[in-house]
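Heads up: the structure comes next, in structure tokens.
Since every read-out is calculated from the coordinates, none of them should be taken as a lab result. Remember, it's a predicted structure, so these values are computed and weren't measured experimentally. Note that we place each Cβ from the backbone using ideal geometry, even for glycine, and neighbour counts take in every protein chain shown.
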Amino acid sequence: MALIIKIKKVCAAAAVAVFCMLPACGGAFAAEVKNSLSADDIRYDTNTGDAFAKGNVIIIKDRSVVKGDEADGNTEKEILRVRGNVDGKFPDEGITLKADRASWIGESSKKSDGFFEAQGSVKLTRAPKDRLNAEYVRWEMGTKNYWAKGNVDGLLDDRIIDSDEFTRINDKFWARGVRRYEDKKEKFSLSAKTVEGRIGSDPKTGEEVMTEMTADKDVVFHYVDNEGKKTKITGNKAVYSKARGTVVVSGNTKAVRSDGKTVTADTMVMHEDTRLVEAKGNSRIVFYTEEKEKKPQPEAEKKEEKPSKPAGKEAPQEPAPEESRFERPDDQHITDEEEEWVNQ
């Protein structure tokens, strides 16, 4: 990643001296130049490789271009840091990036194309539709591997993520502090303390899909059932398997449907194909039926006197009308939050 440095406001003799210190130097170097640093003002130490640039900074490596207000780094160590209104375009990756500051780190082993770190209001897009916003993003260039943290908000291969951290390495991903993870293809969403899983290729379409996932602690799982009702399942852990076509929620599970029906069990299994939930272990269902509307009593009937009771005999007591509303045990009442969700 050694850079040819184009210098403005510096004498030609000094510029030639700088060029000849770099590996791309040669009789026809002008035609071979792919990497450069240009700016209004540049200071460069030919002995150490340290460089400082200020004003309309433009860094070019192959076809990638990064712009900013100022930059510093070392061409020998293959490190450049850019600050102020950072704007990057990486056409080979289909990526554009904006941030407050960024670092471009070369990879001497050539196992990868190096790393790009961005900090402060990072906005990264990848064609055709991916986007990722965060406070910090470290991206391994030439791959889909990245680590994002700080108010992570993104759309990644039809998966929506809102979390504190999100990392992908090859076919694996991890997330912490997950406020929302939604799979638009599988049509479910959840929140949890941690989420991890794998991504594979769909044999029919060739597109990337989630093949398995585990969510742990404070799990809240949302989906729409086969009757079109919203359902929320809470538990300690959720495990998704595309091969089995199920989401298994375990540990103090409770399901609340948008019509008010409540189910509790040790474990619940949601089947993707039917969208039905199977409750296992200490299962219990509680629901409300419609209350019959009472007809208003005519005024004439209200004033009509009731016949007096025969002396010495008590009138037979009529049985109390059956309650049309099932009472929930105290431990089955839905919370205020759930009640609000049901009434949405």
1/(1 + (r/R0)^6) with r = Cβ-Cβ of Lys280 and Ser201, R0 = 41 Å, i.e. FRET efficiency to nearest 0.05, evaluates to 0.80
For the range 172-177, in residue order, the Karplus 3J(HN,Hα) values (coefficients 6.51, -1.76, 1.60; θ = phi - 60°; whole Hz; Gly and Pro = x) are 10, 9, 9, 8, 10, x
Here the range 243-248 yields Karplus 3J(HN,Hα) values (6.51, -1.76, 1.60; θ = phi - 60°; whole Hz; Gly and Pro given as x) of 4, 8, x, 9, 10, 10
Taking Lys and Arg as +1 and Asp and Glu as -1, residues besides Ile160 with C-beta under 9 Å from its C-beta add up to -2
Residue span Thr96 to Asp62: 0.36 nm per residue of separation minus Cα-Cα distance leaves a gain in nm of 10.7 nm
By Cβ neighbour count within 10 Å, fewest first, Ile42, Ile58 rank Ile58, Ile42
Label model pair Arg131, Lys185: point-to-point distance (7 angstrom along the Cα→beta-carbon line) in nm is 2.1 nm
Contour minus Cα-Cα span, Arg43 to Ile79, at 0.36 nm per residue, comes to 11.4 nm
For the range 113-160 the translational diffusion coefficient, Stokes-Einstein from a Kirkwood Rh over Cα pairs at 10 °C and viscosity 1.306 mPa s, in µm²/s, is roughly 146 µm²/s
Note, the range 217-223: 3J(HN,Hα) by Karplus (6.51, -1.76, 1.60, θ = phi - 60°), whole Hz, Gly/Pro = x, goes 6, 6, 7, 10, 10, 10, 7
Yeah, the range 108-218 with a ≥ b ≥ c from its alpha-carbon gyration tensor (a/c under 1.5 is rounded, else prolate when a/b outruns b/c, oblate otherwise) is oblate
Non-local residues with an amide H under 5 Å from the amide H of Gly114, with H modelled 1.01 Å from N and Pro and chain starts lacking one, are Glu107, Met141
At R0 = 25 Å the Cβ-Cβ FRET efficiency linking Asp225 and Asn151, nearest 0.05, sits at 0.20
